[in-house]
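Following: one structure in structure tokens, then a few remarks.
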Amino acid sequence: MSDSPKILVMVATYNEMENLPDLVGQIFKFLPQADLLVIDDNSPDGTGKWCQEQQRLNKKINLIVRKEKLGLGTAIIAGMEYSIKNDYDYVINMDADFSHQSKDLPGMVLCMDLDKNEPKDVIIGSRYALGGKTDGWPIYRETMSRFICFYADYILGLGVKDCSGGFRCYRTSLLQKIDLKKVISKGYSFQEEILWRLKNVGAKFGETPITFVERKKGKSKINIGEALATVRIIFMLGFGILK
């Protein structure tokens, strides 16, 4: 890899028109060398249309529009496949609702090769590493999140404190070692499953502390059904029922 890695930031969207214009500006402010990929599930609020207009003004903006809402996991896989096909060195996934802060992007990239003796294949923007925190979450939400992270680490042996956070930088050369078509999770359990699959091909994980901020605009898309599905899929992966 050259001294200047080729970086893609990907954002999965559904009805994020309230947030996306400001977020795009923030991404290019803090990581101007990166390209951006938006994976939009045919948002009725015009998110995809806005991106199409921006593409004509900025060649660093790329867009995948899907016909319907197909789930977060499949959107991230589409972004990973795009990053591999287009020869990016790193692909960073972040949410569109400002819960992940663009100012943390340069530090995540730096952490990938900070330890020259043991470069990392995934850097997780971690709420639960020393120095990390959540801002604006009710007690029950953080308790549920911490339980799922503890449970996933115990069942899958991931060795990280924040297994379910979606703010991550991946080395694409490691993504190529797994068969993305075998990923089972369509929703939020994708975050644990992809770490498990990467662990199984020898990936090295690192965490850097972040402050996760509860969204100020739009509506959260996670619910108790997603949480229960995550628990079930982690159990099935850990005990070999799913492979």
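The values are calculated or read from the model by the stated rules, or taken from the named source; none is laboratory data. Predicted, not measured: the structure shown is a model, and the values here were computed from it. For neighbour counting, all protein chains shown are included, and Cβ atoms are generated from backbone atoms with ideal geometry for every residue, glycine included.
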Any idea which of (1) at pLDDT below 95; (2) at negative phi is the one Gly71 doesn't satisfy?
-> (2)
Of the residues in the stretch 81-120, those that are surrounded by fewer than 16 Cβ atoms within 10 Å (Cβ to Cβ) and of a type in the set (Ser, Thr, Tyr) number 0
Among the residues of the stretch 126-145, count how many are at pLDDT 95 or above and either touching a helix residue (DSSP H, G or I) at 6+ places or on another chain (Cβ under 7 Å) or surrounded by 13 or more Cβ atoms within 10 Å (Cβ to Cβ) (or both).
-> 7
Of all helices (runs of 4 or more DSSP H) completely enclosed by the stretch 145-243, which ones contain at least 3 residues that are over 30 Å from Lys6 (Cβ atoms)?
-> 224-238
Among Glu207, Glu214, which is the only one that is closer than 17 Å to Met108 by Cα and either in contact with a Lys or Arg (Cβ under 8 Å, 6 or more places away or on another chain) or modelled with pLDDT under 95 (or both)?
-> Glu207
Which ones in the stretch 160-217 are more than 15 Å from the chain's Cα centre (by Cα) and among the aromatic types (Phe, Trp, Tyr)?
-> none
Which helices (runs of 4 or more DSSP H) does the stretch 1-113 wholly contain that include 2 or more residues that are more than 12 Å from the chain's Cα centre (by Cα), more than 18 Å from Arg168 (Cβ to Cβ) and of a type in the set (S, T, N, Q)?
-> 47-55
